[in-house]
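For reference, the structure discussed in these notes is given below.
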Amino acid sequence: MELYEKTIHELHELIEKKEITGVELNKSVYERIAQVEEKIKAYVLTMDWEQVLQKAQAVDDMFARGGKIHPLGGIPMALKDNICTKGVRTTCSSKILENFVPPYDATVSQKLSESHTILVGKTNMDEFAMGSSTENSAFSITRNPWNLECVPGGSSGGAAASVAADEAVFALGSDTGGSIRQPAAFCGVVGLKPTYGLVSRYGLIAYASSLDQIGPITKDVTDCALVLSAIAGHDPKDSTSVNKPVPDYRNFLTGEIKGMKIGIPREYFGEGLDGGVREKVLAAIGDLEKLGAEVEEVSMPHTEYALPAYYLIASAEASSNLARYDGVRYGYRSKDASDIVTMFKKSRSEGFGSEVKRRIMLGTYALSTGYYDAYYLKALKVRTLVKGDFDRAFEKYDLLAAPTSPSVAFRTGEKRDDPLAMYMMDVCTIPINLAGIPAISLPCGFSEGLPVGLQLMGKAFGEGPLLKAAYAYEQSAGFHLAKPTLNGEV
Amino acid sequence: MAISKKDVEHVALLSRLDLTEEEKHLYGEQLSAILAFMGKLQELNTDEISPTAHILPLQNVLRKDMPRPSIDQGEALQNAPLQEKGMFRVPRIV
């Protein structure tokens, strides 16, 4: 087994035992990138090897001098390109930010630096995180490592593909309506959207501020717990970050779930769910039952209203957040504008891609005079009802289980010209963001040769029990051990 | 609900977007379809329901108003498309 194939916890053990060095590990991942990146195109940019070598050497030196090594120390990782990195270009896969170099680090970037991880690159995404296939990137189309003819999901498609193809040991993505979980499901890796407020959003380029959350994409649940422990916690720079002590999430990974109550929301198994996905997810739920969980069907009647409510709320927040791209302080400015309003309009029209413009238009419409009550306010009220479904379910159940996505990865180009069909891909993940609760996607088998994702949802700040159940399932099922072949015609 | 070309032009102006004729046509059609789908929300009676803007029980998070270090002028200007004498330069406004 090559070093680049291993998990964080396996590599940490090897480093601690002095069987490998950080330099050797980073070299292995760099060689892997050189070998496969041409096919996958997971990255917007990769760091210079010299810089990476220097950082890896510094970690090795510190360890050689007798320092204690952090569980993430020396581990090569990737960040979605909407997470600000001081001095390193952060583009949101948009032409409008193509040359933006942040003068500061996002809190998660800083925390990972302090844990001595090593940034190897910034991963491709749907422009401004708007999309479910990573086809909306202004720079390149990322391929699914399980079948290069298929999309990796989105919007954190580059991050999920980089981990699945072993081009990074782990990555951070962001999830506004499923953008960590859906690509994790499509690429056969583990992706967690934490509770809103658990991980600081400072330095995450905003899409929809009441829904956005940063989380880990990893090769297994143990790595997920390790990364979450490193990035969670209160941050005075994010006024929506919650002041609660952060446990060591590894302590929950006991494998013991006897008596845990798991609800199965029947609305997630309705019309539009692919037969192969249904079969694998139901089989996984059967496995959880065999492990001792008490499984019962539950109804969440407002589920079908979550998708339209989400696209109104997210687009409204986006139209406001993206007003800052005006060509004045940073970002792209159109060359041919003699007055200020023309400069704003031309800079934005030339800088934004079509999906971003579509959502800005939709959000502006929903917030405009005469339509605010009918659309935006209505959506906020429906959000209350969707959240109420979860509150009621969690009075009775510890967790909920459902598919992550109604289908496996679809073909590149298949849904590109039909925005509504693309939005439907988020139907199983969106309610979670509206409710603000945590949810994890983990591999639970294959359909049509492509990975299927099992989604587990937990109570607010219940990442512990969520990871506990995910770990128990993963260890008994073993699907996290499968590796993609990187085959298919491009 | 159909979005007219005039609606599209009005929203584009509010959004500070300059659309081509082709884009106006396309967005008009797509937004009509998307808004028709959103119309589903009207099936629910929400008269007695209060809106949820965000899910945390946090309100008015304040900190002490104390001076503290920030990025300097040079760093703040480093990404500016055009600058002059330590300021952002834009086309003439008045």
Matching residues, region A:325-339, being open to solvent by less than 50 Å² (accessible area, probe 1.4 Å) and either of a type in the set (D, E, K, R) or under 19 Å from residue B:9 (Cα atoms) (or both): A:326, A:333
Sole residue being charged (D, E, K, R), touching a Lys or Arg at 6+ places or on another chain (Cβ under 7 Å), assigned to a helix (DSSP H, G or I) and in contact (Cβ under 8 Å) with a residue 40 or more places away in the chain, chosen from A:348, A:383, A:359: A:348
Number of the condition not met by residue A:300 [criteria: (1) open to solvent by less than 20 Å² (accessible area, probe 1.4 Å); (2) closer than 25 Å to residue A:472 by Cα; (3) not small (Gly, Ala, Ser); (4) not in a helix (DSSP H, G or I)]: (2)
Residues satisfying the stated conditions in region B:45-59, i.e. over 27 Å from residue A:239 (Cβ atoms) and open to solvent by less than 60 Å² (accessible area, probe 1.4 Å): B:46
Any hit, region A:377-387, residues being closer than 23 Å to residue A:271 by Cβ and modelled with pLDDT under 95: no
Region B:28-42: number of residues that are farther than 16 Å from residue A:310 by Cα, touching a helix residue (DSSP H, G or I) at 6+ places or on another chain (Cβ under 9 Å) and either at pLDDT 95 or above or more than 7 Å from chain A (Cβ to nearest Cβ) (or both): 1
Condition check for residue A:310: hydroxyl-bearing (Ser, Thr, Tyr), more than 24 Å from residue B:93 (Cα to Cα) and within 7 Å of chain B (Cβ to nearest Cβ): no
Number of the exception - residue A:175 against (1) acidic (Asp, Glu); (2) surrounded by fewer than 24 Cβ atoms within 10 Å (Cβ to Cβ); (3) within 19 Å of residue A:438 (Cβ to Cβ): (2)
Entirely in region A:190-297, the strands (runs of 3 or more DSSP E) that have 3 or more residues that are open to solvent by 40 Å² or more (accessible area, probe 1.4 Å) and out of contact with any strand residue (DSSP E or B) (no Cβ under 8 Å at 6 or more places or on another chain): none
Single condition residue A:349 does not satisfy, out of (1) surrounded by fewer than 18 Cβ atoms within 10 Å (Cβ to Cβ); (2) facing another protein chain (nearest Cβ under 9 Å): (1)
Enumeration of residues in region A:22-40 that are of a type in the set (S, T, N, Q) and more than 23 Å from residue A:183 (Cβ to Cβ): A:26, A:28
Counted residues, region A:408-432 - those being open to solvent by less than 30 Å² (accessible area, probe 1.4 Å) and under 29 Å from residue A:481 (Cα atoms): 9
Yes/no for residue A:53 being in contact with a helix residue (DSSP H, G or I) (Cβ under 7 Å, 6 or more places away or on another chain), open to solvent by 10 Å² or more (accessible area, probe 1.4 Å), more than 30 Å from residue A:144 (Cβ to Cβ) and of a type in the set (A, V, I, L, M, F, W, C): yes
Region B:44-57, residues that are more than 30 Å from residue A:242 (Cα to Cα) and either in contact with a Cys (Cβ under 9 Å, 6 or more places away or on another chain) or at the interface with chain A (Cβ under 8 Å from one of its Cβ atoms) (or both): B:44
One residue from A:130, A:77, A:125 being surrounded by 22 or more Cβ atoms within 10 Å (Cβ to Cβ), within 27 Å of residue A:430 (Cβ to Cβ) and away from chain B (no Cβ under 14 Å): A:125
Where a residue in region A:1-26 is assigned to a loop (DSSP other than H, G, I, E, B) and its partner, wherever it lies, is open to solvent by 40 Å² or more (accessible area, probe 1.4 Å) and hydroxyl-bearing (Ser, Thr, Tyr), with Cβ under 8 Å and at least six apart: none
Any hit, region A:61-73, residues being open to solvent by 20 Å² or more (accessible area, probe 1.4 Å), assigned to a helix (DSSP H, G or I) and in contact with an Asp or Glu (Cβ under 9 Å, 6 or more places away or on another chain): yes
Breaking point among (1) assigned to a loop (DSSP other than H, G, I, E, B); (2) in contact (Cβ under 8 Å) with a residue 60 or more places away in the chain; (3) farther than 27 Å from residue B:34 by Cα; (4) more than 10 Å from chain B (Cβ to nearest Cβ), for residue A:336: (2)
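So that you can scan it fast, the table gives a plain yes or no per residue for (1) touching a Ser or Thr at 6+ places or on another chain (Cβ under 9 Å); (2) more than 15 Å from residue A:473 (Cα to Cα); (3) hydrophobic (A, V, I, L, M, F, W, C); (4) in contact (Cβ under 8 Å) with a residue 12 or more places away in the chain:
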{"position": "A:410", "(1), (2), (3), (4)": "yes, yes, yes, yes"}
{"position": "A:418", "(1), (2), (3), (4)": "no, yes, no, no"}
{"position": "A:422", "(1), (2), (3), (4)": "yes, yes, yes, yes"}
{"position": "A:427", "(1), (2), (3), (4)": "yes, yes, yes, yes"}
{"position": "A:437", "(1), (2), (3), (4)": "yes, yes, yes, yes"}
{"position": "A:442", "(1), (2), (3), (4)": "yes, no, yes, yes"}
{"position": "A:454", "(1), (2), (3), (4)": "yes, no, yes, yes"}
{"position": "A:460", "(1), (2), (3), (4)": "yes, yes, yes, yes"}
Residue in region A:400-417 that is closer than 30 Å to residue A:292 by Cβ and part of a helix (DSSP H, G or I) present: no
Residue satisfying all of: in region A:304-333; free of Cβ contacts under 8 Å to residues at least 60 places away in the same chain and among the charged types (D, E, K, R); nearest to residue B:38 (Cα to Cα) among these: A:304
Criterion: at the interface with chain A (Cβ under 9 Å from one of its Cβ atoms), open to solvent by 60 Å² or more (accessible area, probe 1.4 Å), free of Cβ contacts under 8 Å to residues at least 12 places away in the same chain and touching a helix residue (DSSP H, G or I) at 6+ places or on another chain (Cβ under 6 Å) - qualifying residue of B:93, B:71: B:93
Residue check for residue B:62: more than 8 Å from chain A (Cβ to nearest Cβ), surrounded by 14 or more Cβ atoms within 10 Å (Cβ to Cβ) and on the phi < 0 side of the Ramachandran plot: no
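The values are calculated or read from the model by the stated rules, or taken from the named source; none is laboratory data. Predicted, not measured: the structure shown is a model, and the values here were computed from it. With ideal geometry, Cβ positions are generated from the backbone for all residues, glycine too; neighbour counts draw on all protein chains shown. Areas reflect the complete protein model, heavy atoms only, side chains present, ligands, DNA and RNA absent. Shrake-Rupley method; radii C 1.70, N 1.55, O 1.52, S 1.80 Å.
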